[in-house]
Amino acid sequence: MEANNSQVNQRIATIAAHLNPSNNSQTVGPLGLERRDCRAKGGSAGFKVAILGAAGGIGQPLAMLMKMNPLVSVLHLYDVVNTPGVTADISHMDTGAVVRGFLGQQQLEEALIGMDLVIIPAGVPRKPGMTRDDLFNINAGIVKTLCEGIAKCCPKAIVNLISNPVNSTVPIAAEVFKKAGTFDPKRLLGITMLDVVRANTFVAEVLGLEPREVDVPVVGGHAGVTILPLLSQVKPPCSFTPKEIDYLTDRIQNGGTEVVEAKAGAGSATLSMAYAAVKFADACLRGLRGDAGIVECAYVASHVTELPFFASKVRLGRSGVEEIHPLGLLNEYERVGLEKAKKELAVSIQKGVSFVNK
Ligand SMILES: NC(=O)C1=CN([C@@H]2O[C@H](COP(=O)(O)OP(=O)(O)OC[C@H]3O[C@@H](n4cnc5c(N)ncnc54)[C@H](O)[C@@H]3O)[C@@H](O)[C@H]2O)C=CC1
Ligand SMILES: O=C([O-])CC(=O)C(=O)O
């Protein structure tokens, strides 16, 4: 027999209460058994990961993929909307991570306490005709608030910042942490992995290779000309015609816009971004575990150029970014690109710094 509406609502409320650890009520589960009475002892080994913005276009597939990661023992899903549903859904996956949902600002601190890694895809995405910088006015405040929570509740966590404009939101995060006295440049990483994922894909397509075997360093930042693929350093070693270089550079720099236009107002890259974020988060977790030789590109506090932040290859380890690789030998085409990238990046960085110190 179908349950009536009030029965359904009561069941939903009961399940939501069980999924929400901040609710200490003595409610009994749908089958008369309380969660705390179950024999499972989740969360004993592995890392604790929080996703802030977990109910969004990136957040949901990211949460699903992180639930599949065997290095994750506890997964906290925080958003200002819809986390009870996303949490209920994902918590039914038969993988080890214990999933808990947190809804609204008043549960932010609870979501963050004890986390080893915090991934932030919170904020608004672009629509056709917008630049990433057009998102600054809304996303800067969101990132600032979330980072204040991190400084207070898990100052030692590694932070993977996805929210755009990354070129400015990472400096915002750094300033928030500096003000709180918790800034550790090794632990704050702006996510540029999608640029690498795209570069690998497009280069493999041009060369007729398997994308997984291609490794393209992408340096600079994460917007337009600040995205600088180093095609002279592609592995396996290869050469390109000038036409191929123009095509690839343009496609990699404008990959985000390609998706924004194809989605025609329904947002920006979400699925490929979730894939890239999980690839990067997994690298961070393997680094935290002590695995050797993990190198990925990320936008970090850096001395490889005169700018305070720059994306380049970094080696990840137990304390986060353990080494920042130099840019290596650039050809003339890349040197020109680097100058353009630095000019735009300097402005975006200053904008982020001023936002916090205004
Ligand atoms: N770094 C990169 O390579 C990429 C970055 N992005 C950026 O990621 C961000 C998110 O994109 P989508 O997931 O597509 O957007 P979305 O709008 O689908 O999801 C964003 C989520 O953030 C939540 N949110 C808003 N304010 C919040 C707050 N104060 N605290 C916690 N959560 C909050 C919303 O409720 C929503 O669920 C955008 O800024 C987008 O530009 C997108 C693709 C690639
Ligand atoms: O283009 C956007 O707005 C989203 C993004 O950062 C990307 O897809 O690279």
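The values are calculated or read from the model by the stated rules, or taken from the named source; none is laboratory data. Note that this is a predicted model, so its numbers are computed, not measured. Neighbour counts run over all protein chains shown; Cβ positions are idealised from the backbone, glycine included. Accessible surface is based on the protein model in full, side chains and every heavy atom, while ligands, DNA and RNA are left aside. Shrake-Rupley method; radii C 1.70, N 1.55, O 1.52, S 1.80 Å.
Summary table
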item: Flag for Ile113 being closer than 20 Å to Ala274 by Cβ, more than 13 Å from ligand 2 (Cβ to nearest atom) and open to solvent by 50 Å² or more (accessible area, probe 1.4 Å); result: no
item: Number of the condition not met by Leu316 [criteria: (1) within 28 Å of Val176 (Cβ to Cβ); (2) in contact with a Phe, Trp or Tyr (Cβ under 7 Å, 6 or more places away or on another chain); (3) not charged (D, E, K, R)]; result: (2)
item: Every pair of residues 6+ apart whose Cβ atoms lie under 6 Å, when the first sits in the range 124-138 and is basic (Lys, Arg) while the second is not in a helix (DSSP H, G or I); result: Arg126/Ser268; Lys127/Gly265; Arg132/Asn164; Arg132/Pro165; Arg132/Ala223
item: Flag if Lys263 is open to solvent by 20 Å² or more (accessible area, probe 1.4 Å), at pLDDT 95 or above, out of contact with any helix residue (DSSP H, G or I) (no Cβ under 6 Å at 6 or more places or on another chain) and under 24 Å from Val300 (Cβ atoms); result: no
item: Search result, residues across the range 87-107 that are crowded, with 23+ Cβ neighbours inside 10 Å and either in contact with a Gly (Cβ under 8 Å, 6 or more places away or on another chain) or at pLDDT below 95 (or both); result: Thr87, Ala97
item: Sole residue being more than 30 Å from Gln60 (Cα to Cα) and open to solvent by less than 30 Å² (accessible area, probe 1.4 Å), chosen from Leu285, Leu327; result: Leu327
item: Odd one out for Val219 among (1) assigned to a helix (DSSP H, G or I); (2) within 17 Å of Lys340 (Cα to Cα); result: (1)
item: Looking only at the range 35-58, and only at residues there that are surrounded by fewer than 12 Cβ atoms within 10 Å (Cβ to Cβ) and at pLDDT 75 or above, the one that is nearest to ligand 2 (Cβ to nearest atom); result: Ala45
item: All positions within the range 47-72 that are part of a strand (DSSP E or B) and either in contact with a Ser or Thr (Cβ under 7 Å, 6 or more places away or on another chain) or without any contact (Cβ under 8 Å) to a residue 24 or more places away in the chain (or both); result: Phe47, Lys48
item: Only listed residue being surrounded by fewer than 24 Cβ atoms within 10 Å (Cβ to Cβ), within 16 Å of ligand 1 (Cβ to nearest atom) and assigned to a helix (DSSP H, G or I), chosen from Val197, Val206; result: Val197
item: Residues of the range 266-281 satisfying the condition of being open to solvent by 40 Å² or more (accessible area, probe 1.4 Å) and more than 17 Å from Arg198 (Cβ to Cβ); result: Ala266
item: Hey, Ala274 touching a Pro at 6+ places or on another chain (Cβ under 9 Å), on the phi > 0 side of the Ramachandran plot and of a type in the set (A, V, I, L, M, F, W, C) or not; result: no
item: Ala277 vs. criteria in contact (Cβ under 8 Å) with a residue 60 or more places away in the chain, farther than 16 Å from Ala298 by Cα, touching a helix residue (DSSP H, G or I) at 6+ places or on another chain (Cβ under 7 Å) and of a type outside the set (S, T, N, Q); result: no
item: Residue match in the range 152-168 (condition: surrounded by fewer than 22 Cβ atoms within 10 Å (Cβ to Cβ), more than 21 Å from Ala311 (Cα to Cα) and not basic (Lys, Arg)); result: yes
